[in-house]
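Written out below as structure tokens is the structure these notes cover.
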Amino acid sequence: MTTTYEQIHDELKVQRESLLADLQELDARAKQWFIGYETHPADAGTYAFDQAAEQAMRNNIARTLREVEEALERFEKGTYGVCDNCGKVIDIARLEAIPHTSLCMRCAETRDYHNNR
Ligand SMILES: [Zn+2]
């Protein structure tokens, strides 16, 4: 069975819901930690460390959510599946693996190379 854009569109909508739920859960937990910090000031270091890890996770989720939303916008505009950088059609297998990607394999590799230097 071949994956269609329609299926990927549905997948992106499911992902958006699940990412939003994750963010809400993290925010709820962050509030609890704040209460914990108030009552156990001696553990402030541990809390700070955990909160930094949680913050990093939150940033990750928020970034993926933004990419998913941008991908959904590209569906609206009819430009989904076209590379943002070079304008070529992105391989369907790549879209299956990373539905929110806006770059073809070649451009993504080039970008990663630059980012990792
Ligand atoms: Zn490209």
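FYI, it's all coordinate maths here, none of it is from the lab. Just so it is clear, the model here is predicted, and its values are computed rather than measured. Don't worry about glycine lacking a Cβ; one is built from the backbone with ideal geometry, like all the others, and counts go over all protein chains shown.
FRET efficiency for V89 and R63, Cβ-Cβ distance as r, R0 = 25 Å, nearest 0.05? Result of the calculation: an efficiency of 0.50. Work from the charge dipole of the chain (Cβ charges, +1 for Lys and Arg, -1 for Asp and Glu, about the Cα centre) and give the residue of C107, G45, T3 farthest towards its positive end. The residue sitting most towards the positive pole is C107.
Remark: the stretch 7-21, residue by residue, has Karplus-estimated 3J(HN,Hα) of 5, 5, 4, 4, 4, 5, 5, 5, 4, 4, 4, 5, 5, 4, 5 Hz, where x stands for each Gly or Pro and the curve is 6.51 cos²θ - 1.76 cosθ + 1.60 at θ = phi - 60°. Only Lys, Arg, Asp and Glu carry charge here, each on its Cβ (+1 for the first two, -1 for the last two); on that basis the chain has a dipole of about 420 debye about its Cα centre.
Close amide H contacts of V82 (hydrogens built in the peptide plane, cut-off under 5 Å, sequence separation of 5 or more or a different chain): I90.
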